[in-house]
Amino acid sequence: MMNNLRGAYTIWYRDMLRFWRDKMRLIGAVVLPLLFLFVFGSGMGSMMGALSPGVNFSQFIFPGIIGMTVLMTSFMSGVSVVWDREFGFLKEVLVAPISRASVAAGKTLGAATIAVIQGAIILCFAPLIDFSLAPATVALLLPSMFLLAVAMGSFGVLLATRIKTMEAFQAIMPMLTFPMIFLSGVFYPIEAGPVWMSVISKINPATYGTTIIRQVALRGVPGATFDLSLFGHTMSLWDNVGILAAFAAVMILLGMHSFSRQE
Amino acid sequence: MNDHIITVENLTKKFGELVAVNGINFEVAPGEIFGFLGPNGAGKTTTINILCTLIKPTSGKATVNGFDVVRQQSQVRHSIGLVFQDPSLDERLSGMQNLYFHALVYNVPAKIRQQRIEQVLRMMELWDKRHGVVRTYSGGMKRRLELARGLLHHPKVLFLDEPTLGLDPQTRNRLWEYILDLRESEGLTIFLTTHYMDEAEKADRIAIMDYGKIVALDTPERLKDIVSQDIVAVTTDDNDQAAQEIQQRYQIETRRDGNELVFEVAQGEKFLPAFIREFKTRILSVSLRHPSLDDVFLKLTGHEIREESAGDTFKAIARRHGYRTRR
């Protein structure tokens, strides 16, 4: 047990070291969401007006963009195991006297931590779009972000154990990330879109993450929750948390299992 | 239990149809430098990967430091240090951070961690560069860092898979000085694979591997006794006629190697002057060699071991598909 904890901690610690060393990556990861928020958001928002009483377009996409940041960062970090394989470092990890499952767990936690840090950085820009955040809301947002990050990070780790070549990796990544972002309700309310899109969005696990973040962020604005409805049932915050947590749990277990079996 | 630090019994590994390792047996004594010699694709790396628990054998048994490589993976992993054929460093971290990570993973106690790291870095003459990012290191520095890392947790056995591949001769020599010093000072057992003959000769014992089997296992000296005679290579105006003449005059079989005619004689230094005086066919060149492991390999397997080249990569592939490329 101690051995497994130490293993997971070490892998997590390495991710933190790398994150800290790579400050350029940090800036790069924040620029894209901010572009969406300020350029895309302001431009579209000026044509649209309020989406719901008291919520303009920028304020609507703000929680979505936090979700997008968390989703992209954690997914990419999880999948970065592929790079470790390519550059050989994975071998050092695989012959180390720590269990493979703890490596997968540590990697997921590392990815999630980095993702939450980057999401929190975006959160700091809230005042610039007149988005009021109570301290209690922030305190609820962080675990919401973390849940989404764990789900996507472990999904990334699982995927990385299956992708063996860089060519496959480069082909698959954009095919997965972009649909996952665009079909998760980051930029528009899912229930307002065409049926086929809302069906795909509801299959996309990331949707529940962005919805949770939006529900929490807008909890102070009455009637502006943009709830999902699944088979005629309006999804409460806890319903969404349940689905995302279940998905995260399955991904973690599959990721640990798949990691243990690779040679 | 026995006194051997590594034991291997009937070890076999198949990848689908391909038998990479075919029922090999050997033992390694503590403090020994044990070399695996063979061409690419002979099964050396596969054997190392089994011994260091990276892959599981199809059948057979192997122990390292008394621990079974399948059932006691964690204990085996604690007992061994590794330098892989390909680099396995985190290139975005510093040398120091790479070692710190390793110390954490191998549970080197916090109290002695810094001291150990400093010790191995100084030994490998990397202390001054410890804060540099590994990406900026030269090939030789990376290898030294890997060697330092492999020693950090005081393993019982150090596995070196083609440790000097792609390094220039000077760096190779330096690396070998370090390795020999380590055996001297730490009493470490060293298990290495190579396809450089001169490197294999530094081992106490050598197992010659070909097509997944061990074809010979002995000290370099005794292996060279297999080819007890000196080797003469001549080129002549007419090699067919020369071969016939050698057969008639000395009752010696010759062998073609390119445009050379190769044959073995006892006491080559005494043979040559008379040979050149008496020989009727015009000789263009003549050379005399004492047997090397290359010749041993050739004698045992019927084909040559060569350093990696495009042609050999092709041969290795052909070999994997079961086509033998014999002369």
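Please give every one of the lysines within straight-line cross-link reach of B:Lys270, meaning a C-alpha to C-alpha distance under 24 Å, and leave out same-chain neighbours fewer than 8 residues apart.
B:Lys224, B:Lys280, B:Lys299
Quick one: net charge around A:Lys107, please, counting Lys, Arg +1 and Asp, Glu -1 for every other residue with C-beta under 10 Å from its C-beta.
Every neighbour counted, the sum reads -1.
Tell me the label-point distance for the pair B:Asp68, B:Arg222, using the 7 Å Cα-to-Cβ offset, in nm and rounded to one decimal.
Here the answer is 3.1 nm between the modelled labels.
By what distance, in whole Å, do the Cα atoms of the protein assembly as shown stretch along each of the three principal axes, largest value first?
The Cα atoms of the protein assembly as shown stretch 112, 54, 44 Å along the principal axes, largest first.
Would you work out which of B:Leu18, B:Gly212, B:Gln97 lies farthest towards the positive end of the dipole of the protein assembly as shown? Charges go on Cβ: Lys and Arg +1, Asp and Glu -1.
The listed residue farthest towards the positive side: B:Gln97.
I'd like the per residue volume of the convex hull spanned by the Cα atoms of region A:18-109, given in cubic angstrom.
119
For chain A, what does the equivalent ellipsoid look like in terms of its semi-axes, each the square root of 5 times an eigenvalue of the Cα gyration tensor, given largest first in whole Å?
33, 19, 17
Return the lysines within reach of A:Lys164: Cα separation strictly under 17 angstrom, same-chain partners fewer than 8 residues apart disregarded; answer none if there are no such residues.
A:Lys91
Have a look at the DSSP beta bridges in region B:6-223 and tell me what percent are antiparallel, nearest 5.
Close to 55 percent.
Points 7 angstrom from Cα along the Cβ direction at B:Ala274 and A:Ser260: gap in nanometres?
That separation, rounded to one decimal, is 7.3 nm.
If you take the square roots of the eigenvalues of the alpha-carbon gyration tensor of region B:229-290 and sort them as a ≥ b ≥ c, do you get rounded (a/c under 1.5), prolate (a/b over b/c) or oblate?
rounded
State whether region A:97-229 is rounded, prolate or oblate according to the following rule on the C-alpha gyration tensor (a ≥ b ≥ c being the square roots of its eigenvalues): a/c under 1.5 gives rounded; otherwise a/b larger than b/c gives prolate, and the remaining case gives oblate.
oblate
Shielding by partners for A:112-121, please: the mean number of other protein chain Cβ atoms within 10 Å of each residue's Cβ.
Rounded to a whole number, the mean comes out at 0.
With respect to the cross-link table entries B:Lys61/B:Lys156; A:Lys107/B:Lys129; B:Lys129/B:Lys202, which display a Cα-Cα separation exceeding 25 Å?
Where the Cα-Cα span goes over 25 Å, the pairs concerned are A:Lys107/B:Lys129; B:Lys129/B:Lys202.
According to the square roots a ≥ b ≥ c of the eigenvalues of the Cα gyration tensor, what is the shape class of region B:102-207, taking rounded for a/c under 1.5, prolate for a/b larger than b/c otherwise, and oblate for the remainder?
Taking the square roots of the gyration eigenvalues as a ≥ b ≥ c, region B:102-207 is oblate.
Quick one: net charge around B:Leu11, please, counting Lys, Arg +1 and Asp, Glu -1 for every other residue with C-beta under 14 Å from its C-beta.
+3
Nearest 5 percent is fine: what portion of the DSSP beta bridges confined to the protein assembly as shown is antiparallel?
70
Summing +1 for each Lys or Arg and -1 for each Asp or Glu, what net charge is found among the other residues whose Cβ lies under 9 Å from the Cβ of A:Phe259?
+3
Scaled to the compact-protein estimate 2.2 N^0.38 Å, what is the alpha-carbon radius of gyration of region B:6-223, rounded to two decimal places?
That works out to 1.00 for region B:6-223.
Quick note: the coordinates plus some simple rules give every number you see, no bench work behind them. Predicted, not measured: the structure shown is a model, and the values here were computed from it. So basically every Cβ, Gly included, is an ideal-geometry build from the backbone, and we count neighbours across all protein chains shown.
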